[in-house]
Amino acid sequence: MKTMLYNLMIQNWPRKCIAVILAVVIWLVVDQTLTTTKTVSNIPIRVVNIPDGKTIEGLQSNNFLNRKVTLTLTGKKTVLEELSSNDLEVIIDAQDRPDEWVSTITKRNLSPLNPEINVSQDISKVSSKSFIIKLSKLTSEKIPVFISQPIGESPKGYHFLDVWPYRIYLTVSGPEEVVKKLKQKGLKLTFNLNDISKAELDNLQTNTTRMPSDVVSFFVPNQWKQVYLPSLSNAPVAIDDPDSKFLRIDFVRSELLPLGLELPVSYFLSPHHRSNLNPGQLKISTNQLVKTMNGLPTLSMQLYAKGVSELFIEIVKEMLEVVLLFPYKGDVSKMDWSVQFINPKVLEDRYVSTLMSDTSNQEFRYLQPSLRQEYLRNRFRNYMNRFQLFKADDKLLELQVQLKGNQIVVSEPTPQS
């Protein structure tokens, strides 16, 4: 056994060592000279030396196109086996090029992102589909950004009132064709009410100089004032309009506010019904719900509103009435009703004038008078559009209105079992 091991390991050992070394050298040489072909997708394309006043559709702010390319590479097997799209980029030189040309990617367009890759030695051939590159005029425009109704739900204890301003602008630069389309269509920015906490609104209301039940304005943070423009940028674009600093989401407390008076009741008869109904004979019937005060029918119950401000209630409450409506077509015995504002333009002017004269309100300190007035008018109209009557149990007021003979009978619906 010892003799066999001696003959195997020791005898003629110099020759055996030389043979092993030669075998390793030959294996390394063969392995390094083996070639293979590999297809690599999602390789980024960077364009350099773009002429002044020109750009390319889909060019990002970092000079990369928003499209990527798939390459078929031939080269050293050891390199290509480990190669990924993160190891290479394609560089296209736009210098002295016509406004439109067909780009063919060759080995000269490859630039390694991995320092261990030597394109000239490791890659012998590159093939890919050719594509057209078109230079466009670089232009800048102000793009309208429309603030849409927020999504999500208001924090508990608050009602969403409005968002203002409804439109701001974003200055963008890019290919003329792309910028024109953006300007015509505009952009939309939508906020999520779920991102606003009750604690934030409570804190705002505590630190405000306004009356406790009035509007609570949540000023939109800068990180929300961004839009996505995939055709122009690979990152969100911040809105640069100076008026964006006024961008706010308004809330009101969701609490009942008493009107403090009984609303008058009248009816409206359209010309369509005047041929078959005699206004002189129609009369609103009195009952437990409706009584007369100096001959004027009124709702004899305490009514409330919510989702509006105390100041709004104070200004409009004496200029409200409940109007009973005959249907335009169909059975006239089944009527509808609505709350009507008397002379709403005068009420709006009174509301705006009251708040415009309030110099202690920090909210408006930096608003130009014209913008401040526009904001307040929008707020008042929003109040009118959302105005509803509630009962003391926090339930919406529901009325059942019927024409019985010449008597218009108003009652509350009977609860269904």
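The values are calculated or read from the model by the stated rules, or taken from the named source; none is laboratory data. Nothing here was measured: the structure is a model prediction, and the numbers come from that model. Neighbour counts are summed over all protein chains in view; Cβ atoms, including those assigned to glycine, are modelled from backbone coordinates with ideal geometry.
Consider the range 358-417 and keep the residues that are buried (at least 17 other Cβ atoms within 10 Å of the Cβ) and part of a strand (DSSP E or B). The one that is modelled with the lowest pLDDT is Leu403. Of all residues in the range 98-112, those that are within 20 Å of Asn42 (Cα to Cα) have Cβ atoms under 7 Å from Cβ atoms of residues that are exposed (fewer than 11 other Cβ atoms within 10 Å of the Cβ), 6 or more apart or on another chain, in Val102/Ser130; Val102/Ile132; Ser103/Ser130; Thr104/Ser130. Among residues that are more than 43 Å from the chain's Cα centre (by Cα), among the hydroxyl-bearing types (Ser, Thr, Tyr) and at pLDDT below 80, Ser275 is included. Among the residues of this structure, Arg67 counts as one that is under 34 Å from the mean Cα position of the chain (by Cα) and under 22 Å from Thr139 (Cβ atoms). At least 2 residues being closer than 16 Å to Thr72 by Cα and among the hydrophobic types (A, V, I, L, M, F, W, C) is the threshold, and among the strands (runs of 3 or more DSSP E) wholly inside the range 88-131 those reaching it are 88-93, 123-127. Whenever a residue of the range 234-261 is in contact (Cβ under 8 Å) with a residue 60 or more places away in the chain and closer than 24 Å to Glu321 by Cβ, its partners that are of a type in the set (S, T, N, Q) and part of a loop (DSSP other than H, G, I, E, B), lying with C-beta atoms within less than 8 angstrom and at least six residues away or across chains, give the pairs Val252/Ser213; Val252/Ser309; Leu259/Gln302.
Here the condition is being crowded, with 19+ Cβ neighbours inside 10 Å, polar (S, T, N, Q) and either assigned by TED's automatic domain parsing to the domain that holds Ser231 or more than 34 Å from the chain's Cα centre (by Cα) (or both); of Ser130, Ser154, it holds for Ser154 alone. Just one of the numbered conditions (1) farther than 24 Å from Leu135 by Cβ; (2) of a type in the set (S, T, N, Q); (3) at pLDDT 90 or above is not true of Thr78: (3). Under the condition of being of a type in the set (D, E, K, R) and without any contact (Cβ under 8 Å) to a residue 24 or more places away in the chain, the residues counted in the range 262-290 number 1. Being out of contact with any Gly (no Cβ under 9 Å at 6 or more places or on another chain), surrounded by 13 or more Cβ atoms within 10 Å (Cβ to Cβ) and part of a helix (DSSP H, G or I) holds for only one residue in Val172, Val79, and it is Val79. For the range 394-417, the set of residues classified as under 41 Å from the mean Cα position of the chain (by Cα), within 13 Å of Met335 (Cα to Cα) and touching a residue at least 40 places away in the same chain (Cβ under 8 Å) consists of Leu399 only.
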